[in-house]
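Novice: Here it is: the structure, laid out below.
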Amino acid sequence: MMILTVTVKYRGERQKLEGYSAGKKFTVFVLRNIVLYFLLFNIFLQVKDQVDISFLSVSFLLAVVLALWFEKSGLRFLPALLVIIAVPFIIRVSSFLIFRADQSISPGIISDFLFFNFDKDFYPSLVPFLITWLLNFTALRYKSFILVEVAVNSIFLLLVFWRQAHFRITIYPHPSLFAASVILFVFAEIIIILISDTGKFKPLLSYTWVLVPLVLILLFFVFSKYSEGAVKTGGGLMKPTLFRFDFSNYIKLESEIEVSDDLVLLFRKQGRSERILLRRFVLSGYSTGRGFYRSDEDERSSPPVTVPDTVIVMKDPGYKDRTDVKQEFFFINFDPASLIAMNYPVKVTPLVNWDSSSFLRIYRVNSRVTSVLAMELQDYPGYKGKSLKYYMDYGNDDDIKRLAEKITEGKNTYYGKVKAIETYLKKNYLYSLKPGIAEDGNQLHHFLFKSKKGYCSYFAFAMALMCRSLGIPARVAVGFFVNPDMEVLNFYEVRANQAHAWVEVNFGDLGWIEFDPTSDNLAPGENLRFGTEFDFPKFAGLIEEILKNQDKLKAVQKTSAPFKGDITLFGKGLKAGFEFLARIWYLVLPAFYLIFISFIKLFYLFGFFIAGNIRAKVKFLYRYSLAKLYGAGVVRKGTESRMEYAVRLEKMGFRMLKLTKSYLGSVFNDDFSGIDYAEALEAYRSMRDSFNKRYPVILRAVIFLNPLNSFRSKI
Amino acid sequence: MVYLFLFLLSLTGAESVYAEIKSPGWYETEARKAIEAKNYENAVTVLKEAEKNYPEVHKFNLLLADLYYDKKLFKLALEEYKKAENKGDESYYTLNQIARTFGKLNRDAESITYFKKILKIYPDSMEIYDDLGWMYFKSHQLKKGEAIVLKAMKRYGNNRALAMTLGTIYSGLYNYEKAKEYYLISIKSALKEKDDYFASIAYYNLSLLEHNFYHFNSALKYTNDSIRMADRAPGHLSRGELYQAQMNFKGAMAEYRAALESDRTPLSKINIAILYQKTGRLDSARRYIENVLSSRDLSWMFYYGTDLERHFKDIHEILADCYEGLVNLELGKPVAGIIPKIKSIFLVLKYRLLGYYHRQKFRSYSISVGKAYLNEKDYLDAYWEFYKANEKYRDIALKYLYLARGIEIKITPHSEVYYLQEEGKIKKSVKLLNETLKGFDGFWEREGIVESLRSMIPLLKGRSNAVERRERINRLYSYNRGALLQYGFGLPLEVGFRFTKAGAVEKDFRSARKKRLIIRFLKKSGSEVTETAGEKGFRYRLFIQWNDSENILVRFIDKKKSIVVYEKKIKLKGKRLKVQCADLVNRIINLIYKVG
């Protein structure tokens, strides 16, 4: 469009230009309002049971029309503002007069309730009405305001989704829709900036370009709020993957966490159950600063952590006294790739999901679960070898060692020591989501020696390190605990606040045995609501869905079906693709920016290659060279002619004069020949060399990524 | 040879297929064994396989349906029961289960249809008459309920279950005499048969009836009888409500907590939330009621004659009251420093929006509930709901209030005082509200008195009403100290100060600033403050001794009774004087009103 503008201008067809400007103005106006309505609609989605969308839409339209009218009539800002504040009240008063008249003509419930029904929608519509008017009127009156509006809209977008920043977007039926909406929003804003006429504040155009990456950065901020807030609000141990939960592969001790009660998955296990621990990761690596983390050793020695595409049978380590337990997992709001299982999984069978399923992923696991009795553990003589030395690193913390020795004083057996530590923590410490801040920064010491209250990670850390300090191989495990009382027909619901950490201790050929040192006693003032959120009808609905589709729960076959043009298959693929993209947003968004900027910057080069005639080729080369210079901040001044600009560039060391002459020749010379074209090519190479000489590779890369001034080269 | 081989092979194959089909008895035994062992997946698989192999046998559907019903999976249970019915099973058990399952799913109309169907096939079933009568009551079809139960009583005599259902229907029809008569019949019969549990329920229902008709002493007596017969949650709830009406908050809370222990419904939580809201502990109230709102197990309604809309209406009303109260608490809170002020403004905005949201939800539900009552020709309740929905619109509100009053005072003349109170609130008339104070029972209806007082106080403006206003606030405080700040006013306080530093009297300019700040914050909290002793209406005196150690002694004195109500030593937070004063007044507020 800009190219068109330039061409039109050169031909001197002012009338046409004006016509084009009017069209452009109209496009900007429409686009701006589409963006505004998009934001408004997103707000509506969050309060849809309270406000009627038609009422909201009418008030939006009214605000737009009034803004246009006031602008056309040349009303000043303050009087216009006063009128716009008065308008809703005039509408309300006149509506009420009409309602009253209606009441006297046809008395009855319907006419009586008109007042309430009107107010129900009227008040919530007031704020969007005023904002819509304000943005429209100001943008129409002050051209440069459009650039501010872009920023304002970005902030609105953030606010709209801020309420949703509790791990997942719930106002959209699917995350891909959210991703698509945001992308469209950003595109619309870019187009608005590109084609808007910002008058004398033209230089601002460059700065507003910052807004586009800013939107992305701010979105990143929202998402990083997700990440940062994850530990604090997700159950203490989990991180979000944009829309789903998963566990973090490291645990740090926080001074305060919150727990979310989102339903994460359904779990099925036959028979009677006691407290069940579903393991996601084992964390064996330890360092004082980092806490427990998933190390290379874990990668090597523990079962896989992702659900396979087809049935896999893992090597059974052959631990003694284990029984087979079959489990099924139905993921609702959990990363579908994550594998959770009881300790120790030996076979994983991904199951076929049915159409329109409520579940992201279904799989079956066969585990070898310990059935060893405490009595038998008593007999274990203790670990003597060196191969598990890795699991004995306790950061050489003498205070912890001393405490461990004090607790286990008089305990002669391996199991006795482990049990003593577990019991000590359980009995002498309290459960709290607010363990408090350690003055010296050592949260674990603060827990063990001062506050004596903490959440599960504190207990697991303390026990694992105390065991390690006594030469007992121990590691931390993270996953979910399942309350056996919440069982319905062998199904258990698992919520985010059931995320848990516990300890696994090595008992030789009996394998890694679980110990849970977390106290059941709440610290005073704690107000936990575990289990109180049990939403039976929702749970029942999900169980009903599974039972109805029970017959379809078959193992996924490895052979991938060829594409047969089946629309549902295609749709599923598309959905899966979007889901995947949404999960790796941190790659997708920068990639998107890279593609976009490459498109802008390399557009002319591409044009050069595909152009059919030599005049066009020279024009594209010239513009491509300008784009480079503009990216470096060497911009043509408003009063400068192209030749003056070229002369200035020459003085700066950029050999641009020849290329400019060639370009002007290609535009104005009637007999522009192949020789002229060859000269233009030579001039371009000369310009390119001078440019490259001036800027090293890294700087050239920065210049390439710089969005500033990118479109000015078209003017 | 090959053909012979194939023939033999086919025979073996046929034999193996034959061997795989087990007998119906085998399936039944296996399913029962699996259920016993809690291996439900196996049980479901076995029963589904059985159904596949014996599609004409309905027994497997029934077993599966019972399993689902037992686990409260009513939708699945209904499907299986219906399958059994479609296979020709029209047994009493199956049809009754279908009707009951519809009821559990709050699909009252379908439940009624099935109960009627059962009566057609099994006309001698007294239990079904009773259930049908109850469903009519639950769906507000009281006249139909009355007719069907009367018909059954004619046939079966004074059966206690039927009598109790009829009593409840008459209670819904506001027919006090008949309701009481039938409740007493059911109680007499239960006592004769030594069915204490049943008698407990009947006594409870009777106590509700007495309470609804303002016979408080009888209500308490019957509630006590109900608990004596069986220690059930509803009895404690009923007794708690009676204590609450007397403003005996400790007694009420003890009863609600006792109910909570055994209550499978959210009713005790709702009552606790209401009590917290009334006593100004709005955060606790909010926590309880939000917990109720988040719980979606609503099958308990089957036995409680209520429905979703009425339930949510009540919840949103409590939440609206809480948030509106929190706005006033936040507005009156002494705040010092820019960040706390910004936080406070944000909180006020948040609470205001949430208060508005819940009030609107409450009003929307009131309209829906009112319309449902109107459909069932229950005009009294319909008009009352319409009144509540339109409280903001004076003329419309008054129209429905008068309509409701016209009906109710004919049934219970004492209800007039409550209508007067509502009229006073709508018309903002101190005169009408003053009248109600004479009409309420001074012991049993203190809750009503408190409501009138708190509605009247904001209307008593200006110097000419100052003394009356102070006296009304003092009276309100004596009933319920938590009912002041949440409505935007505080106690009139006569204040006295003593500022010392190192044992000596502090310099004037510093003490004057402290005094000024404290008085300003007290006024912000809604209190009228005076330093002049003996001014009329200032019953309470607040004495503050600010020692140089930054330890403050606060004494709160009831001058009328000449007693020290509270005395506390306070150590202040913060270094800035303004922050310290704000902290001090906050602590004083907590001491005097015990809200939060």
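Novice: Restricting to region B:399-417, count the residues that are of a type outside the set (A, V, I, L, M) and within 14 Å of chain A (Cβ to nearest Cβ). Lay out the reasoning, then the answer.
Specialist: If we filter region B:399-417 for residues that are of a type outside the set (A, V, I, L, M), which is where we start, we get B:399-400, B:402, B:405-406, B:408, B:410, B:412-416.
Filter again for within 14 Å of chain A (Cβ to nearest Cβ), leaving B:399-400, B:402.
Number satisfying all stated conditions: 3.
Novice: Given the conditions (1) within 26 Å of residue B:279 (Cβ to Cβ); (2) buried (at least 22 other Cβ atoms within 10 Å of the Cβ), and given that residue B:428 satisfies all but one, which numbered condition is not satisfied?
Specialist: (2)
Novice: Ok, one more. In the set A:525, A:471, which member is away from chain B (no Cβ under 14 Å) and either assigned to a loop (DSSP other than H, G, I, E, B) or at pLDDT below 90 (or both)? First the steps, then the outcome.
Specialist: Working: A:525 fails: away from chain B (no Cβ under 14 Å).
It is A:471.
Novice: Please return the ranges of helices (runs of 4 or more DSSP H) entirely within region A:629-715 where 1 or more residues are of a type in the set (S, T, N, Q) and more than 25 Å from residue A:599 (Cα to Cα). Let's see the steps before the verdict.
Specialist: Values: elements: A:642-652, A:657-668, A:674-694, A:697-705.
Counting at least 1 such residues, we get A:657-668.
Novice: Sort through B:391, B:435, B:416 and tell me the only one that's over 24 Å from residue B:210 (Cβ atoms) and assigned to a helix (DSSP H, G or I). Give the derivation first.
Specialist: Working: B:391 fails: assigned to a helix (DSSP H, G or I); B:416 fails: over 24 Å from residue B:210 (Cβ atoms).
The match here is B:435.
Novice: Here are B:420, B:374: which of them is out of contact with any strand residue (DSSP E or B) (no Cβ under 8 Å at 6 or more places or on another chain) and within 14 Å of another protein chain (Cβ to nearest Cβ)?
Specialist: Values: B:420 fails: within 14 Å of another protein chain (Cβ to nearest Cβ).
Answer to the check: B:374.
Novice: Right, residue B:145: away from chain A (no Cβ under 14 Å) and on the phi > 0 side of the Ramachandran plot or not?
Specialist: no
Novice: Filter region A:486-519 down to the residues that are more than 13 Å from chain B (Cβ to nearest Cβ), surrounded by fewer than 22 Cβ atoms within 10 Å (Cβ to Cβ) and in a helix (DSSP H, G or I) and list them by number.
Specialist: A:508, A:509, A:510
Novice: Can you find a residue in region A:389-397 that is among the hydrophobic types (A, V, I, L, M, F, W, C), under 30 Å from residue A:522 (Cα atoms) and surrounded by 14 or more Cβ atoms within 10 Å (Cβ to Cβ)?
Specialist: Pass one, region A:389-397, residues among the hydrophobic types (A, V, I, L, M, F, W, C): A:392.
With under 30 Å from residue A:522 (Cα atoms) added as a condition, the list becomes none.
No.
Novice: Being surrounded by fewer than 24 Cβ atoms within 10 Å (Cβ to Cβ) and either within 23 Å of residue B:141 (Cα to Cα) or under 25 Å from the mean Cα position of the chain (by Cα) (or both) is true for just one of B:177, B:193. Which residue is that?
Specialist: Values: B:193 fails: either within 23 Å of residue B:141 (Cα to Cα) or under 25 Å from the mean Cα position of the chain (by Cα) (or both).
One residue alone meets the criteria, B:177.
Novice: Also: From the set of residues in region B:517-566 that are within 23 Å of residue B:577 (Cα to Cα) and polar (S, T, N, Q), which is surrounded by the fewest Cβ atoms within 10 Å (Cβ to Cβ)? Spell out how you get there, then give the answer.
Specialist: Restricting attention to region B:517-566, the residues satisfying the condition of being within 23 Å of residue B:577 (Cα to Cα) are B:517-531, B:542-556.
Okay, now just the ones that are also polar (S, T, N, Q), so B:525, B:527, B:530, B:545, B:547, B:549, B:551.
Numbers: B:525: 26, B:527: 26, B:530: 17, B:545: 15, B:547: 16, B:549: 10, B:551: 12.
Going through the qualifying residues, I end up with B:549.
Novice: Look at residue B:396 and say whether it is of a type in the set (Val, Ile, Thr), within 12 Å of another protein chain (Cβ to nearest Cβ) and out of contact with any Cys (no Cβ under 7 Å at 6 or more places or on another chain).
Specialist: Taking the combined requirement at face value, the residue satisfies it.
Novice: Right, here's the next one. From the list A:463, A:486, which residue is over 20 Å from residue A:301 (Cα atoms) and at pLDDT 95 or above? Break it down into steps so the answer makes sense when it comes.
Specialist: On the way: A:486 fails: at pLDDT 95 or above.
So the residue among A:463, A:486 that is over 20 Å from residue A:301 (Cα atoms) and at pLDDT 95 or above is A:463.
Novice: Oh, and also: Is it true that some residue in region A:286-303 is surrounded by fewer than 18 Cβ atoms within 10 Å (Cβ to Cβ), within 25 Å of residue B:39 (Cα to Cα) and out of contact with any Ser or Thr (no Cβ under 6 Å at 6 or more places or on another chain)?
Specialist: no
Novice: Quick one: in region A:67-126, which of the residues that are within 13 Å of chain B (Cβ to nearest Cβ) and among the aliphatic types (A, V, I, L, M) is surrounded by the fewest Cβ atoms within 10 Å (Cβ to Cβ)?
Specialist: For region A:67-126, the residue satisfying everything is A:110.
Novice: Here is a follow-up. From the list A:640, A:644, pick out the single residue that is farther than 30 Å from residue A:490 by Cα, surrounded by fewer than 18 Cβ atoms within 10 Å (Cβ to Cβ) and at pLDDT 85 or above. So that I can check it myself, show each step before the final result.
Specialist: Working: A:640 fails: at pLDDT 85 or above.
Within the list A:640, A:644, the selection yields A:644.
Novice: Same structure, new question: Say we look at region B:31-58 and pick out the residues that are polar (S, T, N, Q) and farther than 19 Å from residue B:85 by Cα; which of these is nearest to the other protein chains (Cβ to nearest Cβ)? Write out each step before concluding.
Specialist: Of the residues in region B:31-58, the ones polar (S, T, N, Q) are B:39, B:42, B:45, B:53.
Subsequent filtering for residues that are farther than 19 Å from residue B:85 by Cα retains B:39, B:42, B:45.
Numbers: B:39: 5, B:42: 7, B:45: 7 Å.
Of everything passing the filter in region B:31-58, B:39 is nearest to the other protein chains (Cβ to nearest Cβ).
Novice: Name the single residue, out of those in region B:320-354 being within 21 Å of residue B:269 (Cβ to Cβ) and within 14 Å of chain A (Cβ to nearest Cβ), that is modelled with the highest pLDDT.
Specialist: Among them, the one singled out is B:320.
Novice: Let me ask you something else. Just checking, how many residues over region B:230-276 are more than 15 Å from the chain's Cα centre (by Cα) and among the hydroxyl-bearing types (Ser, Thr, Tyr)? First the steps, then the outcome.
Specialist: Of region B:230-276, the ones more than 15 Å from the chain's Cα centre (by Cα) are B:230-232, B:243, B:246-251, B:254, B:258, B:261-262.
Checking the rest, the ones that are also among the hydroxyl-bearing types (Ser, Thr, Tyr) come to B:243, B:262.
Of the residues in region B:230-276, 2 are more than 15 Å from the chain's Cα centre (by Cα) and among the hydroxyl-bearing types (Ser, Thr, Tyr).
The values are calculated or read from the model by the stated rules, or taken from the named source; none is laboratory data. The structure displayed is predicted, hence computed values, not measured ones. Counting neighbours? That spans all protein chains shown, and the Cβs are built from the backbone with ideal geometry, glycine included.
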